[in-house]
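**Q** Before I ask anything, here is the structure I am working with.
Every read-out reported here was derived from the displayed coordinates using simple, explicitly stated rules and does not represent laboratory data. This is a predicted model, so every value here is computed, not measured. Glycine gets a Cβ as well: all are built from the backbone with ideal geometry, and neighbour counts include every protein chain shown.
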Amino acid sequence: MAAERTLGPDGPPLAYPIQEVNLHLIRQAGNAAFPVQRISLSGKGSATFERGNELLQVAYPTAELIDLLNELYKIRFFELPSQYTTRYSVFLKEDGMIATSALRMMDTGSTRICFAVTGYEKCITYGRDGPHDLENIVNRVFDDIEKQVKRK
């Protein structure tokens, strides 16, 4: 029996160089008045923060990236669905059948987080309804990077 080379059937490799890790976080407010915000974290020890036309580089130690990756593994990021932007509900029809409706609001804000390493990428897009564990992680990363940018 061959050893597993990935985490699950569609997961990341079990071993990969830290220098090849890239994590991208993108916030879109859904309102043109607010600029898109992007953070790109690199396993090479840096982060790029983009807010509108501003592009800033800050240090992001690999130890912090490892902590962040451990949090993603803890919430089972790689097993989560790739889309959370559609809201489903059910209703009872007159004939007694349950019907499902899907609502996707195109003008609402969303957040997208992508983990990439050579030959593998996992992205999740979600709106204000979660997943809350992932939103907490994303908020903390944005807060940490914004604090670093203000200190510069």
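**Q** Classify the stretch 17-65 as rounded, prolate or oblate, taking a ≥ b ≥ c as the square roots of the eigenvalues of its Cα gyration tensor: rounded when a/c is under 1.5, otherwise prolate if a/b is larger than b/c and oblate if not.
**A** Details: a/c = 3.62, a/b = 2.31, b/c = 1.57.
Cα axes put the stretch 17-65 in the prolate bin.
**Q** Hey, what angle do you get for helix 62-74 against the long axis of the chain, alpha-carbon based, 0 to 90 degrees rounded to 10?
**A** Roughly 20 degrees, rounded to the nearest 10.
**Q** If you don't mind, there's one more thing I want to ask. Run the numbers for S101 and R128: contour at 0.36 nm per residue of separation, minus the present Cα-Cα distance, in nm. Kindly include the intermediate steps, with their values, before the conclusion.
**A** Values: separation 27, 0.36 × 27 = 9.72 nm, distance 1.89 nm.
So the extension gain works out to 7.8 nm.
**Q** Taking the structure as given and computing Cα extents along the principal axes in Å, which label from [x] 62, 56, 22; [y] 45, 34, 31; [z] 60, 36, 25 fits?
**A** [x]
**Q** Relative to the longest principal Cα axis of the chain, at what angle does helix 132-151 sit, 0 to 90 degrees, rounded to 10?
**A** Roughly 40 degrees between the two axes.
**Q** Work out how much length Y88 to N139 would gain on full extension: take 0.36 nm times their residue separation and subtract the Cα-Cα distance, in nm to one decimal. Spell out each step's value before the answer.
**A** Numbers: separation 51, 0.36 × 51 = 18.36 nm, distance 2.53 nm.
Length difference between fully extended and current span is 15.8 nm.
**Q** Next up: How high is the FRET efficiency between N70 and E121 when r is their beta carbon distance and R₀ equals 25 Å, given to the nearest 0.05? Display every interim value, and only then the final one.
**A** On the way: r = 19 Å, r/R0 = 0.77.
For R0 = 25 Å, the calculated efficiency reads 0.85.
**Q** Using a Förster radius of 22 Å, what is the FRET efficiency between K147 and L55 based on their Cβ-Cβ separation? Nearest 0.05, please. List each step's numbers first, then the result.
**A** Details: r = 18 Å, r/R0 = 0.81.
Once the sixth-power term is evaluated, E becomes 0.80.
**Q** Divide by every residue of the chain the summed helix terms, -39500 (n - 2.57) for each DSSP H run of at least 4, and state the resulting mean residue ellipticity at 222 nm, rounded to the nearest 500 deg cm²/dmol. It would help to have the intermediate numbers written out before the result.
**A** Details: 2 runs with 33 residues, N = 152.
Estimated from H runs of four or more residues: -7000 deg cm²/dmol.
**Q** With +1 assigned to the C-beta of every Lys and Arg and -1 to the C-beta of every Asp and Glu, and no other charges, what is the dipole magnitude of the stretch 41-152 about the Cα centre in debye, to the nearest 20?
**A** Details: 15 positive and 16 negative charges, 57 e Å.
Charge dipole of the stretch 41-152: 280 debye, to the nearest 20.
**Q** With both partners inside the stretch 20-151, how many of the DSSP beta bridges are antiparallel, as a percent to the nearest 5?
**A** Of the beta bridges lying entirely in the stretch 20-151, close to 95 percent run antiparallel.
**Q** Sticking with this structure for a sec: Please compute the net charge surrounding G43, taking Lys and Arg as +1 and Asp and Glu as -1 over other residues with Cβ under 12 Å from its Cβ. Walk me through the intermediate numbers first.
**A** Values: positive: K44; negative: E20, E64.
So the environment of G43 carries a net charge of -1.
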